[in-house]
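I am attaching a structure below and will ask some questions about it afterwards.
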Amino acid sequence: SATVGGLGLVLTVGVALLVLAWENHERKATFERLAASRAEMVLDDMLMIRNNLLVLAGFHTESQDLDREEFHAIAAPMVSRSTVQAYEWIPAVPAAEKERFEAAVRRESGEGFTIWERNARGEKVPAAGRAVYYPVYRVEPPAGNEAALGFDLGSEPVRRAALEKAIRTGLVTATDTITPVQETARRQAVLVFHPVFAKDASGPQGAGGPGRLRGFALAVVRLQSLFEKASGRAGRGEDLVETHLTDLMDAGGPRLLAVYPVDHAEGHPAIIDDAYLRHYAFQSIQPLFAFGRAYAVVAHPTPEFHAEY
């Protein structure tokens with residue numbers, strides 16, 4: 001009897017452990033599917049922004065600068081379909097042409113326009129002392145972004161580093177996180193530059209390699225807004241999975257950029273490190289490569305997930 005009872009107990013425990021392992025595997029697989037759908041939506045939005053910049057760059061490669069109505073006709077539908085704060089055209093203005101460019105913009109708009117920067121005290125002053133200026137010339141939508149007009153992106157180190165990298169590589173390039181000049185609150189955003197070069201007429205068949213830099217097609221991307229809208233489209237499970245967008249290229253470590261759901265944003269550390277990840281039984285880390293940078297969507301299950309599964 002003791003032998004039979006012991007054998008029965010061993011078999012019962014063994015079957016129970018197998019069932020538990022299978023349930024844990026299924027629970028983790030369900031969680032991974034939910035987390036992956038969030039990352040896919042974020043990447044889709046990033047790719048849409050890149051493709052929109054490609055379209056804007058194409059128009060400026062093939063023609064002179066678009067006038068205000070033409071830029072609106074092209075960029076307004078892009079804004080309505082994406083999560084950007086603004087699309088912009090940033091011409092490259094040599095110092096020798098600065099005054100002529102400012103005068104031409106004033107004649108066109110009928111308003112005061114100057115290429116400006118901020119001094120050490122944060123005051124708005126005329127830009128000076130550089131060989132080339134990169135002012136915000138066109139912006140869509142104009143409402144809410146008027147404060148950016150004329151700002152020289154080459155006057156600030158983070159923006160300048162990104163545009164110089166874009167010129168050097170010829171590729172779409174994003175800045176580190178910044179606060180846009182048109183923002184009154186300190187919301188995190190990135191600027192995404194697409195360099196635009198005039199075609200080199202001396203090349204083969206009159207269409208050689210890149211010629212003179214004409215400027216940049218630019219997207220201003222609020223990271224929290226992009227992350228919320230993209231994650232919200234992933235369908236059910238909003239209260240089951242918490243996701244974080246992190247910047248993997250920050251010198252201090254993987255830096256937290258955005259959180260979804262937004263009401264979970266309080267109390268998170270700025271750096272998502274091993275100590276933070278060890279708080280959770282399991283998590284998903286989905287790398288995203290976009291705009292010349294490496295990001296990751298880090299997800300973990302919520303108590304609601306464990307209750308349901």
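From the set of residues in region 105-140 that are of a type in the set (A, V, I, L, M, F, W, C) and over 20 Å from D65 (Cβ atoms), which is least open to solvent (accessible area, probe 1.4 Å)?
Looking only at region 105-140, we keep the residues that are of a type in the set (A, V, I, L, M, F, W, C), and these are 105, 113, 115-116, 120, 125, 127-128, 131-132, 136, 139.
Pick out the ones that are also over 20 Å from D65 (Cβ atoms) and you get 120, 125, 128, 131.
On the way: A120: 115, V125: 42, A128: 62, A131: 79 Å².
Taking the candidates together, the pick is V125.
Answer yes or no as to whether R68 is in contact with a Ser or Thr (Cβ under 7 Å, 6 or more places away or on another chain) and of a type in the set (K, R).
no
How many residues are buried (at least 17 other Cβ atoms within 10 Å of the Cβ) and closer than 30 Å to S284 by Cβ if we restrict to region 69-85?
Of the residues in that region, 4 qualify.
Only one of these conditions is not met by A161: (1) over 19 Å from the mean Cα position of the chain (by Cα); (2) open to solvent by 50 Å² or more (accessible area, probe 1.4 Å). Which number is it?
It is condition (1) that A161 fails.
Let me ask something else. Please go through region 51-68 and pick out each residue that is open to solvent by 10 Å² or more (accessible area, probe 1.4 Å), modelled with pLDDT of 90 or more and closer than 24 Å to V93 by Cα.
N52, L54, V55
Residues in region 24-33 that are within 19 Å of T246 (Cβ to Cβ) and surrounded by fewer than 21 Cβ atoms within 10 Å (Cβ to Cβ): how many? Please lay out each step first, then the result.
The initial filter retains those residues of region 24-33 that are within 19 Å of T246 (Cβ to Cβ), namely 31-32.
This time we only want the ones that are surrounded by fewer than 21 Cβ atoms within 10 Å (Cβ to Cβ), so: 32.
Summing the residues that are within 19 Å of T246 (Cβ to Cβ) and surrounded by fewer than 21 Cβ atoms within 10 Å (Cβ to Cβ) in region 24-33 gives 1.
The values are calculated or read from the model by the stated rules, or taken from the named source; none is laboratory data. Please read these numbers as outputs of a predicted model, since none were measured by experiment. Here the Cβ is made from the backbone with ideal geometry for all residues, glycine too, and neighbour counts use every protein chain on show. Note: accessible area is taken over every heavy atom of the protein model, side chains too, but ligands, DNA and RNA are not part of it. Shrake-Rupley method; radii C 1.70, N 1.55, O 1.52, S 1.80 Å.
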